[in-house]
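Read the figures in this text as sums done on the coordinates, not as results from a lab. For clarity, every value in this text was computed on a predicted model and none was experimentally measured. Glycine gets a Cβ as well: all are built from the backbone with ideal geometry, and neighbour counts include every protein chain shown.
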Amino acid sequence: MKIVPVPCLDDNYAYLIIDEASGEGAVVDPVEPQKLVQLAEEHGCNLKLVLTTHHHWDHAGGNEEIKKLVPGIKVYGGAKDHVKGCTIAVEHGDEIILGGTVTIKALHTPCHTKGHISYFVTSTSGDDPAVFTGDTLFIAGCGRFFEGSAEQMYESLCKTLASLPKLTQIYCGHEYTVKNLQFALTIEPENERIKQKLLWAEQKRKENKFTVPSTIQDELDSNPFMRVDLPELKDRIGHNSAVHVIGEIRKMKDGWKG
């Protein structure tokens with residue numbers, strides 16, 4: 001399995017997933033479809049699927065165009081999300097097969113949107129699993145609570161995604177890592193992992209390189225939104241409820257000027 005990050009618009013990421021055994025491919029959130037189709041051609045990849053994380057235009061806005069560019073391509077999206085151009089709606093736990101070695105499992109991760117789907121991808125070739133989290137989970141951050149509640153984001157991050165294998169590679173929808181880590185330090189100023197990762201991320205961006213992927217383990221170590229069950233974060237926010245803490249941290253982030 002090969003995964004190729006594709007920068008789009010100002011700070012979005014789309015992705016090309018290739019089953020190297022068959023040469024079949026999928027694209028995640030191809031908001032600039034021509035770019036993704038050309039990249040697939042360069043890799044000798046036969047595009048079969050579009051995996052849409054949620055209905056916002058900067059993720060689903062290329063779906064109708066890619067259907068014209070690749071006749072017959074299947075466009076997946078959350079059953080509760082009204083994704084533009086969707087041809088197959090998926091629910092939590094549904095599985096999609098790509099080529100001969102890649103399995104894609106839909107995970108319902110609501111809050112940013114009601115029907116947001118993250119896609120958990122595994123391969124029989126022995127590669128580390130991957131998850132495409134759209135705007136639910138970012139490196140060191142999470143999406144705004146546009147259509148959901150703190151309870152939903154807690155369930156999405158700290159239950160659904162946190163339960164994935166710790167080496168699962170995280171491919172998110174935007175390049176927000178530096179700002180997210182800067183904010184994370186305001187929540188946990190003594191967290192050495194956050195300090196180290198911020199220096200690393202700043203250097204990556206200076207070199208115009210990606211900060212994706214992260215891993216589930218790394219997010220559990222450095223992402224305050226996935227650490228809300230820890231006593232030290234509850235003490236800092238002043239509440240025993242992890243759900244309340246995740247909501248308060250999101251409010252703090254919404255008002256943070258950086």
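Per q in 0.09, 0.11, 0.15, 0.18 1/Å, what log10 I(q)/I(0) does a Debye calculation on the alpha-carbon atoms of the chain return? For the chain, the Cα-only Debye profile gives -0.37, -0.56, -1.03, -1.43.
The distance linking the stretch 105-173 with the stretch 40-68 is 19 Å (Cα centroid to Cα centroid, whole angstrom). Relative to the longest principal axis of the C-alpha atoms of the chain, give the angle of the C-alpha long axis of helix 192-206, reported between 0 and 90° and rounded to the nearest 10°. Helix 192-206 sits at roughly 50 degrees to that axis. Please go through the residue pairs Lys35/Lys84; Lys74/Lys197; Lys159/Lys195; Lys67/Lys179 and name each one whose alpha carbons sit more than 31 Å apart in this structure. From Lys35/Lys84; Lys74/Lys197; Lys159/Lys195; Lys67/Lys179, over 31 Å: Lys74/Lys197; Lys67/Lys179. A Förster radius of 30 Å combined with the Cβ-Cβ distance from Glu202 to Gln38 puts the calculated FRET efficiency at roughly 0.45. Using the Cβ-Cβ distance between Lys159 and Asp128 with R0 set to 35 Å, the FRET efficiency works out to roughly 0.95.
State which stretch of the chain is the longest one without any exposed GluC sites (Glu not before Pro), exposure meaning a DSSP loop state and at most 15 other Cβ atoms within 10 Å.
Between exposed loop sites, the widest span is 92-189.
For the chain, give the share of DSSP beta bridges that are antiparallel, in percent and rounded to the nearest 5; count only bridges with both residues there.
65
Loop-located trypsin sites (Lys or Arg not before Pro) across the stretch 150-222 with a Cβ neighbour count of 16 or fewer within 10 Å are Lys166, Lys209, with loop assigned by DSSP.
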